Amino acid sequence: MNYNGKGVPKNLDESYHWLHEAAKFGNENARKALKSTRALRDITSNTMEHEIPEFDTDLIGRMPEEQLYWFASAVIAMVMADEHIDLHERSFLHSAIRIVRDKRKIQELEEYILRWQTPPIGAMDFSTKDRDHILESLLNIAAVDRNFDEREEKLLREIAGLMKVPEQQIENLIKLGHKRVEQFRANQLRAPNVRARL
């Protein structure tokens, strides 16, 4: 009720408090919702009104509302795929919610995050150029935490399939994701302070 403003004024801090209390006493749903509420509270308290820093503004400007909602759902699904939301991924969640204009759709997306559920993603047609930009964005989200695990890979394959991406392009995308993570790890091992600790 506090989270959605149903029957009381909307108050994320109050919803956070009660979810924290329920989680403290072992409620698993409250524990999951607490993680989501923490991310959403950070999103709404630390942002400017028209700021959408994570995505190509030309791409966003070309998409009608239906495609924007689809893209936002895909972003949220990708962030939540590994069941962990880090600081960088919060920026993607914020940006995904900000690109949607319909308040009811925004609330739907927020509730998926709150319940730690993946929004449904169906088939959607995009131009080849937009499709490639979207896949690049989703790959960035999957690898931003310097990990590209099987859940993220599986979801990226599913989304690319829904976008009718050729199989060879999907395989190249998956290889690129793993290569980015390997390069990051190799760079970490070459760093002087890491060698000293080893």
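Restricting to the range 91-111, give me the number of residues that are surrounded by 19 or more Cβ atoms within 10 Å (Cβ to Cβ) and not in a loop (DSSP other than H, G, I, E, B).
11
Pairs please, first residue from the range 156-182 and under 16 Å from M78 (Cβ atoms), second anywhere and of a type in the set (S, T, N, Q) and assigned to a loop (DSSP other than H, G, I, E, B), Cβ atoms under 7 Å, 6+ apart in sequence or on different chains.
Note: pairs meeting the criteria are V181/N147.
Specify the residue that is modelled with the highest pLDDT; the eligible residues are those in the range 18-42 that are in a helix (DSSP H, G or I) and either in the same structural domain as H133 (by TED's automatic domain parsing) or loosely packed, with under 13 Cβ neighbours inside 10 Å (or both).
Step by step, filter the range 18-42, then rank; the result is E28.
Report, by residue number, each residue of the range 117-136 that is surrounded by fewer than 18 Cβ atoms within 10 Å (Cβ to Cβ), assigned to a loop (DSSP other than H, G, I, E, B) and not aliphatic (A, V, I, L, M).
Correct list: Q117, T118, P120, G122, D125, S127.
Quick check on the range 66-76. Is at least one of its residues touching a Ser or Thr at 6+ places or on another chain (Cβ under 8 Å), assigned to a helix (DSSP H, G or I) and without any contact (Cβ under 8 Å) to a residue 60 or more places away in the chain?
Within the range 66-76, one or more residues are touching a Ser or Thr at 6+ places or on another chain (Cβ under 8 Å), assigned to a helix (DSSP H, G or I) and without any contact (Cβ under 8 Å) to a residue 60 or more places away in the chain.
Just a yes or no: is a residue in the range 108-116 among the hydroxyl-bearing types (S, T, Y), touching a helix residue (DSSP H, G or I) at 6+ places or on another chain (Cβ under 9 Å) and modelled with pLDDT under 90?
For the range 108-116, residues among the hydroxyl-bearing types (S, T, Y), touching a helix residue (DSSP H, G or I) at 6+ places or on another chain (Cβ under 9 Å) and modelled with pLDDT under 90: absent.
Would you check if there is a residue in the range 43-57 being at pLDDT 75 or above, crowded, with 17+ Cβ neighbours inside 10 Å and in contact with a helix residue (DSSP H, G or I) (Cβ under 8 Å, 6 or more places away or on another chain)?
Yes, that holds for at least one residue.
Given the conditions (1) surrounded by fewer than 20 Cβ atoms within 10 Å (Cβ to Cβ); (2) part of a loop (DSSP other than H, G, I, E, B); (3) on the phi < 0 side of the Ramachandran plot; (4) under 14 Å from the mean Cα position of the chain (by Cα), report the number of the one that E83 does not fulfil.
The number of the failed condition is (3).
The values are calculated or read from the model by the stated rules, or taken from the named source; none is laboratory data. These numbers were taken from a predicted model, which means no experiment stands behind them. Every residue, glycine among them, receives a Cβ derived from its backbone with ideal geometry; neighbour counts consider all protein chains shown.
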